[in-house]
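Read-outs: derived from the displayed coordinates by stated rules, not from any lab. Keep in mind it's a predicted model, so treat the numbers as computed, not measured. Positions of Cβ are backbone-derived with ideal geometry, glycine not excepted, and every protein chain shown enters the neighbour counts.
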Amino acid sequence: MNATFHISLPCKNIEATKKFYTEELGFSIGRSTSNWLDVNLFENQLTFVLADSFDFKYLYYSLEKEAIPSFHFGVVLENEEWDNMYNRINPWSTDDIVKRTFFEDKQGEQSSFFVKDPNDYFIEFKTFKKYNEIFM
């Protein structure tokens, strides 16, 4: 059975969010109104709903002495696609996009980088050295 992931998140500005996900990241938009929109995130449904305000208190946690955003979502990509995504994002980003490797030379070795969207959500793009270790 193939399953498609769905998550719905509050957003600050529908137009800025739409522009970021289409023009900057290259994703397509599905159904939308002036109050919400669906983004096709690698065949997964990411819905943004306009909200007056929202707040997350616990911003980061530590993984191998690195600060990781507590509230984030993302995708796991094959190595080549992961490199292509990094190369697409890095030239226009105002933040330094840092590639990080975790669990180096261990089971589940993975590399990732984070990008912040207009709603202050962090999107993680992740790849595994051995893709079959994704849940190990």
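Details
- Gain in span if fully extended, residue 32 to residue 132, counting 0.36 nm per residue against the direct Cα distance: 32.5 nm
- The shape of region 24-97 comes out oblate: with a ≥ b ≥ c from the C-alpha gyration tensor, a/c is at least 1.5 while a/b does not beat b/c.
- Listing 49, 98, 76 from fewest to most neighbouring C-beta atoms within 10 Å gives 98, 49, 76.
- Each peptide in 120-131, 78-89 receives the mean, over its residues, of other Cβ atoms within 10 Å, and ordering these scores from highest gives 120-131, 78-89.
- The P(r) of the chain has a tail past 23 Å containing 38 percent of all C-alpha pairs.
- Virtual paramagnetic centre 7 Å along Cα→Cβ of residue 102, amide N under 16 Å, in region 63-84: 63-77
- With respect to the chain, whose longest principal axis is taken over its alpha-carbon atoms, helix 79-89 is tilted by about 50°.
- Taking a ≥ b ≥ c as the square roots of the eigenvalues of the Cα gyration tensor, an a/c ratio of 1.5 or more together with a/b no larger than b/c marks region 60-133 as oblate.
- A straight chain from residue 7 to residue 76 at 0.36 nm per residue would run longer than the Cα-Cα distance by 23.3 nm.
- Pairs of lysine residues in region 60-133 - Cα separation under 22 Å, sequence separation of 8 or more or cross-chain: 13
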